Amino acid sequence: MDLEFAGLLHRTWTFADISLESPALEMVIGSDGRLNLATLIETLEGDAAEEALAEDSEPHRIRLEQANIRAGRIRFSDHTGAEPLSAVIEPVDLHLDEFSTLPGKHGRHRITATLPGRGGLEWQGEASLYPLASSGTLAVTDFTPLAIWEFAQRHLGLQKPAGTVNAALDYHVSYADGGFDLGIDSLRFTVDKLALTPQGASAPLLELQSIALDAARFDLATRELVVPAIALRNGRIAASIDEHGELDWARVVPAASDDDPASGQAPWKLRIESLVLDDVTLDLRDASRRAPLRVAVGSTHIDVGLQAELGGVATSVLATSPRFDLERIVWTEQDAQAPLAAVDRFEIAGAELDLAAGALHVPRIALSGTRFDVRRAADGSIRQIAVLEPGSNRDAGEPVVQPTETAPWRVVLDEFSLRGIDVTLADESTQPALEYALADGALVIRNLHSDGSVPFALEARLPIVQGGTIEIGGTAVIGGESADIRLQLEDLSLLPLAPLVARDTNLELTSGTVSGDAQIIWRADGTPSLKSSASAGIERLLLNEAASGERFLEWHSLRAKGIDFSLDPDWLTIAEVRLSGAGAKVLVYKDRSLNLAKVMGRTGAPESPPAAAVEAEIFPLKIDRVRIDKSTVDFADLSLVLPF
């Protein structure tokens, strides 16, 4: 220590140089949760309060021209748990130039320290004690959270984490006139090779090669944090719900307190201009259902802006210009090989979300390469629906959460598209199963409003693997109040219906296609009504007797034109029915029974009990013209003495 006595002439304690070698500081939190330095701090605060009572009081005049601490050591110990924990920061080096309590005096200072485990801490900047102020740069390099994990593991249900942290920031802080001011600029933060694994688990919930935050800034006066960009890249995020409906992340992160200490204060503001999740896989599992389910996402690319106000009267969140691009989405039963559904790509572009207003606007949602196999089992169940039912392991006493009554959300979707639709629809209540498959279908819905204020437009083209195409177009209101739909069938194969024909008759459906178009108008306002104008036809139909393989019925074309159908009022009129190129077989057997009766009654099928007589109204039907041409009927009567 080098004291300059000349400074006493100016009523200032002046030290040319102060040096400390290998000092040590012990900071201990006792079993009562009290820091050992608390008594000293309270004493200093008491002295400061007494001095503040004196008028025009100023701090003692002290000036340090230079001060150095070398090879310092700080030990922090925590005795609040069952076993004491401790961490050591060493060496700690400090260098001060022109450190003073004199008004307006600033100096440049530097502190370096080696953090527990490995990594370093460095501070450079200016500081003054009168007024109390500081500005400078703080940096942490190559720090491993594992080094201080013992202090955090009591509060988090995690195993020791992996990863390396680097951070740096520029700051300014001051205290004057009873007010505290803090500003942070150019906050940079990176985490490399982060891995978080729950206690008792073998696989991490979170693995990321990198987390990077750049050029963030914070202003205490406005209570605002602005993050221009934060990116999470190259990794995996997992989540699972157990058989009791509990999310594993809820066991990792402690529940937030219900207390609201910030009540009455201005809200905290958060603005993230770009939050990026890039090349991250997702693995979501749900064991609370009848069959454990899994949703896997092979690659995720998300870029979204967020604005939020937290801690005020109401929490508000606004998402701006989000882009979601998910690839290779597969929904399966947890241990099954065949997926319940799969999507090659899922995209959302440019949505706007306002949580406070309950509004969502999405310009476009697009799915491509959609594949699923929907089968109705013999018992009437559909697997995709059945697996969503709650499992039997839920606690019987679990309360049923009732939805909170809130104002309905306003959702506007400009365009929703499904392309590359490959879908199989099957009914296994017949054997073999009745099955239709769609290949490379497309569906587009535009101008969809959740409040039903305007009709949405619908277009679909569904090519059928077994043959034919279905096209649908028109408009409708989401609430079902009205619809104007155009339906067109082109050469739709009837062969998939052969199991139905074989189940109820002794016939074999060998060929046939159906075509038609219809304009359907539905109105539900006032008295519901349905009207349709259409035309339809069945081409190249061939039905053979199952036993003999002989032709029973065929035709080249059966067309109905000018179909006019209505419900309320009820009517059905057909301008013309034309049958061309028909061929039929009518046979009277020796017992005077008709082949018509034999083929229409399935041999060995259980007889249905006779239905009770019901008096039904006759539906009005009118056919203006029936034409049959180029047709033949083969008739034989074997019951006569001389059959012909």
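Looking only at region 309-323, decide whether some residue is at pLDDT 85 or above and either open to solvent by 50 Å² or more (accessible area, probe 1.4 Å) or closer than 28 Å to Ile445 by Cα (or both).
Checked against the condition, which is being at pLDDT 85 or above and either open to solvent by 50 Å² or more (accessible area, probe 1.4 Å) or closer than 28 Å to Ile445 by Cα (or both), region 309-323 yields at least one hit.
What do you reckon, is Arg592 open to solvent by 30 Å² or more (accessible area, probe 1.4 Å), assigned to a strand (DSSP E or B) and in contact (Cβ under 8 Å) with a residue 40 or more places away in the chain?
So Arg592 does not fit the description; no.
Pick out the one residue from Arg446, Arg461 that is of a type in the set (Lys, Arg) and more than 21 Å from Ala341 (Cβ to Cβ).
Arg446
Those residues that are of a type in the set (Ser, Thr, Tyr) and under 23 Å from the mean Cα position of the chain (by Cα), I need them from region 416-458; list them, please.
Ser417, Ser450
Among the residues of region 570-603, write down those that are modelled with pLDDT of 85 or more and touching a Ser or Thr at 6+ places or on another chain (Cβ under 8 Å).
Leu572, Arg578, Leu579, Ser580, Gly581, Ala582, Gly583, Ala584
Given the conditions (1) closer than 17 Å to Val276 by Cα; (2) touching a helix residue (DSSP H, G or I) at 6+ places or on another chain (Cβ under 7 Å), which single one is not true for Leu340?
Leu340 satisfies all of (1) closer than 17 Å to Val276 by Cα; (2) touching a helix residue (DSSP H, G or I) at 6+ places or on another chain (Cβ under 7 Å) except (1).
Residue-wise test of (1) over 19 Å from Ala319 (Cα atoms); (2) open to solvent by 50 Å² or more (accessible area, probe 1.4 Å); (3) modelled with pLDDT of 90 or more.
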{"residue": "Thr370", "(1), (2), (3)": "yes, no, yes"}
{"residue": "Ala386", "(1), (2), (3)": "yes, no, no"}
{"residue": "Glu389", "(1), (2), (3)": "yes, yes, no"}
{"residue": "Arg394", "(1), (2), (3)": "yes, yes, no"}
{"residue": "Thr404", "(1), (2), (3)": "yes, yes, no"}
{"residue": "Ala407", "(1), (2), (3)": "yes, yes, no"}
{"residue": "Ile421", "(1), (2), (3)": "yes, no, yes"}
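May I ask you to say which residue of Leu213, Leu225 is open to solvent by less than 40 Å² (accessible area, probe 1.4 Å), in a strand (DSSP E or B) and closer than 22 Å to Ala139 by Cα?
Leu213
Of all residues being among the hydrophobic types (A, V, I, L, M, F, W, C) and farther than 13 Å from Arg271 by Cα in region 228-238, which is surrounded by the fewest Cβ atoms within 10 Å (Cβ to Cβ)? Just the residue, please.
In this case the residue turns out to be Ala231.
When you scan region 443-455, how many residues do you find that are open to solvent by 50 Å² or more (accessible area, probe 1.4 Å) and either in a strand (DSSP E or B) or touching a Leu at 6+ places or on another chain (Cβ under 8 Å) (or both)?
Going through region 443-455 one residue at a time, the tally reaches 2.
Could you pull out the residue among Thr137, Thr197 that is in contact with a strand residue (DSSP E or B) (Cβ under 9 Å, 6 or more places away or on another chain) and surrounded by fewer than 16 Cβ atoms within 10 Å (Cβ to Cβ)?
From the options Thr137, Thr197, the qualifying one is Thr137.
Return a yes/no flag: does region 54-75 have any residue that is out of contact with any Cys (no Cβ under 8 Å at 6 or more places or on another chain), modelled with pLDDT of 65 or more, assigned to a loop (DSSP other than H, G, I, E, B) and of a type in the set (Asp, Glu).
The answer is no; no qualifying residue exists.
Can you confirm whether Lys193 is part of a loop (DSSP other than H, G, I, E, B) and basic (Lys, Arg)?
So Lys193 does not fit the description; no.
Residues are listed down the side, and each one gets a yes or a no for (1) over 26 Å from the mean Cα position of the chain (by Cα); (2) closer than 19 Å to Leu232 by Cβ; (3) open to solvent by less than 30 Å² (accessible area, probe 1.4 Å):
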{"residue": "Gly163", "(1), (2), (3)": "yes, yes, yes"}
{"residue": "Ala168", "(1), (2), (3)": "yes, no, yes"}
{"residue": "Tyr171", "(1), (2), (3)": "yes, no, no"}
{"residue": "Ala176", "(1), (2), (3)": "yes, no, no"}
{"residue": "Asp181", "(1), (2), (3)": "yes, no, no"}
{"residue": "Asp185", "(1), (2), (3)": "yes, no, no"}
{"residue": "Ala201", "(1), (2), (3)": "no, no, no"}
{"residue": "Pro204", "(1), (2), (3)": "no, yes, yes"}
{"residue": "Glu207", "(1), (2), (3)": "no, yes, no"}
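For the condition at pLDDT 90 or above and open to solvent by 60 Å² or more (accessible area, probe 1.4 Å), what is the one hit in Asp504, Asp440?
Asp440
What is the residue count in region 72-90 for residues that are open to solvent by 60 Å² or more (accessible area, probe 1.4 Å) and either in contact with a Ser or Thr (Cβ under 7 Å, 6 or more places away or on another chain) or basic (Lys, Arg) (or both)?
Result for region 72-90: 7.
For region 459-481: of the residues being at pLDDT below 95 and under 27 Å from the mean Cα position of the chain (by Cα), which is least open to solvent (accessible area, probe 1.4 Å)?
By that ranking, first place goes to Val477.
Does any residue in region 20-36 that is farther than 12 Å from Ser86 by Cα come within less than 9 Å, Cβ to Cβ, of a residue that is modelled with pLDDT under 80 and exposed (fewer than 12 other Cβ atoms within 10 Å of the Cβ) six or more places away or on a different chain, and which pairs are these?
Leu35/Ile41
Return the only residue of Val276, Val280, Val304, Val253 being at pLDDT below 85 and under 30 Å from Ala215 (Cα atoms).
Val253
Conditions first: (1) open to solvent by 40 Å² or more (accessible area, probe 1.4 Å); (2) within 26 Å of Asp570 (Cβ to Cβ); (3) assigned to a strand (DSSP E or B). Thr527 passes all but one, so which condition is the exception?
Unmet condition: (3).
The values are calculated or read from the model by the stated rules, or taken from the named source; none is laboratory data. A quick note: this is a predicted structure, and the numbers were derived from the prediction, not measured. All Cβ positions, even for glycine, are placed from backbone atoms using ideal geometry, and neighbour counts span all protein chains on display. Keep in mind that these areas ignore ligands, DNA and RNA; they rest on the heavy atoms of the full protein, side chains included. Shrake-Rupley method; radii C 1.70, N 1.55, O 1.52, S 1.80 Å.
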